[in-house]
Amino acid sequence: MLIALAGAVAIGLSLGLLGSGGSILTVPVLHYLLGQPEQAAIGGSLLVVGLIAAAAAVPHALARQIAWHDVLWFGVPGMAGAWAGASLARFVPGAVQLAVFALAMLVAAWRMLATGAPETGRKATAARRAPVIAGGAGVGLLSGVVGVGGGFLIVPALVLLARVPVSRAVGTSLAVITLNSIVGFITYQGVLQAKGVALDYPTLGLVAGVGIAGSIVGHRIGRRLPQAMLRRLFGAVLLVIAGAIVVDVAQRLAG
């Protein structure tokens with residue numbers, strides 16, 4: 001349990017520092033460290049990440065570091081995508097979900113290790129709205145299917161497509177993650193009921209509480225440390241975790 005709580009702190013630190021990576025860490029914590037079934041871990045991660053992201057977004061909102069118009073353009077399609085993804089999840093075996101999840105982690109690692117785009121304050125023009133909306137829907141779909149909030153994709157999408165400054169993309173990402181996670185969690189209840197899987201709410205509450213504390217610390221640290229260094233470190237950790245999940249899934253399929 002102590003290792004799992006340390007993992008919960010890491011979840012909060014990641015969201016507080018980078019506005020991403022929470023659910024990428026939550027599913028492994030719930031599944032591998034706490035022994036929850038794959039689909040319970042995915043459903044539970046949506047609740048945990050939603051709660052932590054909502055709490056982590058508060059200081060950004062107070063500092064006016066959330067681009068609310070981009071929350072609308074990116075988040076509403078993301079909510080629709082999360083609903084569709086969670087509805088489709090009942091037809092996807094748990095091992096396949098983990099395999100897709102590992103692939104998402106590899107994409108996340110690539111984005112974290114890649115050189116960041118220059119910060120710019122230009123708002124998205126009407127011509128850029130279509131890719132922003134499409135990006136939001138795609139991230140939401142991934143969120144619903146495999147229980148990831150998608151922050152590792154939201155932040156680059158906001159910077160590259162919506163031209164949101166990096167400093168505001170983190171807070172905006174947290175707001176979008178909150179919306180995606182809430183819709184995904186509510187919709188995912190049907191999947192859990194169909195599979196006869198029950199969530200361990202006391203444990204999820206404990207993980208969320210510890211994660212919220214970690215997000216507060218992460219936000220304070222993030223104001224002092226170079227973001228490029230943090231992205232590279234996080235990317236390296238993701239590569240290690242993704243490799244472990246790939247090996248686990250391969251062994252299950254071979255057995």
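The values are calculated or read from the model by the stated rules, or taken from the named source; none is laboratory data. Predicted model only: the values in this text are computed from it and were never measured. Counting neighbours? That spans all protein chains shown, and the Cβs are built from the backbone with ideal geometry, glycine included.
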- Query: Looking at (1) crowded, with 23+ Cβ neighbours inside 10 Å; (2) under 14 Å from the mean Cα position of the chain (by Cα); (3) not β-branched (Val, Ile, Thr), can you tell me which one residue 10 breaks?
  - Reply: (1)
- Can we say residue 62 is at pLDDT 90 or above and surrounded by fewer than 16 Cβ atoms within 10 Å (Cβ to Cβ)? yes
- Item | Odd one out for residue 96, checked against (1) assigned to a helix (DSSP H, G or I); (2) surrounded by 17 or more Cβ atoms within 10 Å (Cβ to Cβ) | (2)
- Message: Need a quick list: helices (runs of 4 or more DSSP H) entirely within the range 1-79 having at least 3 residues that are of a type in the set (A, V, I, L, M, F, W, C) and under 14 Å from residue 210 (Cα atoms).
- Response: 2-18, 38-62
- Query: When only residues in the range 158-198 that are under 12 Å from the mean Cα position of the chain (by Cα) and among the hydroxyl-bearing types (Ser, Thr, Tyr) count, which is surrounded by the most Cβ atoms within 10 Å (Cβ to Cβ)?
  - Reply: 173
- Which numbered condition residue 222 misses (of (1) surrounded by 15 or more Cβ atoms within 10 Å (Cβ to Cβ); (2) small (Gly, Ala, Ser); (3) modelled with pLDDT of 85 or more): (3)
